[in-house]
Structure formats: structure tokens, C-alpha cells
2 protein chains.
Amino acid sequence: MNENILGLVAGRITSVSMLPQLFKVLKQKDAKDLSWLMICTLIVGLSLWVWYGFLHHEWPIILSNAFAVLVNICLLISYFVYREK
Amino acid sequence: MNENILGLVAGRITSVSMLPQLFKVLKQKDAKDLSWLMICTLIVGLSLWVWYGFLHHEWPIILSNAFAVLVNICLLISYFVYREK
């Protein structure tokens, strides 16, 4: 497989990976088994990747990680809304 | 911040991000709120990053993503062990 395509595919898959978790929490309205520390660590790490992408002017890194940050912020909000149910 | 150090820090943080989730599942022996699809998607995406790292001979990419794959495989096993409890 072409190396650049491989990188793009890997980036897309990892950036959408938290969507099934977000959908599951929103559907079940239950999130007590989730770790808020995992979500916060991901938000910090992915935000640093966005910063890294800006420094390198690499839009694929910026966009895929910014999307993942957004998904994880939604997941964190959902966690605090639904963890007690 | 130096760009390479930023990339290394971002890689370290994202690669350890699932550890708090694994520890929480092992401690609570409960995982029903987790999405197996999220874990499987992560394993596929991160494995592709390991492959990408091999093609580019970039050991930091290989090691940090291989570690994350290992953590997610442990999480997937824990999910199937504890989801019914």
C-alpha cells in the first residue's frame, strides 16, 4: 500500500474511533464505566497533535485531530451528564 | 516549544491515554458502558500506524502505537470478560 495513503487511512480510522463510544453513551444514557481521566488525557494529547500540525502546516494532522478533540469534548460532557444514571 | 519534543510529548500522552480506562475496568470488574466497536476501531487504526512506522523506519511511531495496541487488546479482553457483570 502507498505509504501516504496508509497514513491517511490510519489517521481517519483513529480520528473516528471514539464516535461509536459517543453514540453508545447518548443512546444508553449511561456512562459510569467510562474513565474521565482517559477522555481528558485524550483531549490533551490530541490538542497537542493539533498544535504540532499547525507548527508543521500539516492540514491532515490538524483536521483529523481537531475532529477527534471535538468528539472527545462531547464525550466528556456526556459523561458528566449521564454518569449518575 | 521545540516541534520534535512537542510531537514526542503528544505521542506519549495519546499512547498512554487508554491506561486509565483499562485500570478502571479491571478495578470495577464492569465494562458494559464501553463500546467494543470503539476498541476494535482503535486496534485497527493504531495497527495501521505501526505498519506506517515500519515503512518509514520511525521507531517512535512504531513503539508508541504498538504499546497502545497492546493496551487496547487488554481492554477488549477485559470488556468481554466483564461486560455481563
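No value in this document is a laboratory result; all are computed from the given coordinates. No experiment lies behind these values; they were computed from the predicted model shown. Here the Cβ positions follow ideal geometry from the backbone for every residue, glycine too, while neighbour counts run over all protein chains shown.
Using only C-alpha atoms and all pairs of different ones, pull out the Kirkwood radius for segment A:7-85 in Å with one decimal. List each step's numbers first, then the result.
Details: mean 1/r = 0.0771 Å⁻¹.
Here the Kirkwood hydrodynamic radius works out to 13.0 Å.
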Worksheet item: Quick one: helix A:59-82 against the long Cα principal axis of chain A, what's the angle to the nearest 10°, folded into 0 to 90?
Response: 0
Response to the item:
Phi angles of segment A:7-15, converted by Karplus (6.51 cos²θ - 1.76 cosθ + 1.60, θ = phi - 60°) into ³J(HN,Hα) in whole Hz with x for Gly and Pro, give x, 5, 5, 4, x, 4, 5, 5, 6
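Suppose the chain between residue A:28 and residue A:59 were pulled fully straight at 0.36 nm per residue; how much longer would it get relative to their current alpha carbon spacing?
Working: separation 31, 0.36 × 31 = 11.16 nm, distance 3.48 nm.
Computed gain between residue A:28 and residue A:59 is 7.7 nm.
Would you mind giving the mean number of other chain beta-carbons within 10 Å of the Cβ of each residue in B:24-30, as a whole number? Kindly include the intermediate steps, with their values, before the conclusion.
Numbers: counts 7, 3, 0, 0, 3, 0, 2.
Counting Cβ atoms of other protein chains within 10 Å of each residue's Cβ and averaging gives 2.
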Worksheet item: When the distances between all Cα atoms of the protein assembly as shown are binned every 5 Å from zero, what whole-number percent does each bin get?
Response: 1, 9, 17, 23, 21, 14, 8, 5, 1, 0
Discussion item. Among A:16, A:71, A:50, which one shows the highest mean-square fluctuation when chain A is modelled as a Gaussian network with alpha-carbon springs under 10 Å?
Written reply: A:16
Worksheet item: What nm distances, shortest first, do you get from the label point of residue A:81 to those in the other copies when the point sits 7 angstrom along Cα to Cβ?
Response: 3.4
Worksheet, complete the sentence: In degrees rounded to 10, the 0-90 angle between helix A:19-28 Cα long axis and the longest Cα principal axis of chain A is 10
Fill in: Inter-copy separations for residue A:26, label at 7 Å along Cα-Cβ, nm, ascending
3.3
Discussion item. Amide H of residue A:33 versus every other amide H placed in the peptide plane: which residues, excluding those fewer than 5 positions away on the same chain, fall under 5 Å?
Written reply: B:33
Item to complete: Quick one: with label points 7 Å out along Cα→Cβ, list the inter-copy distances for residue A:55 in nm, shortest first?
Response: 2.6
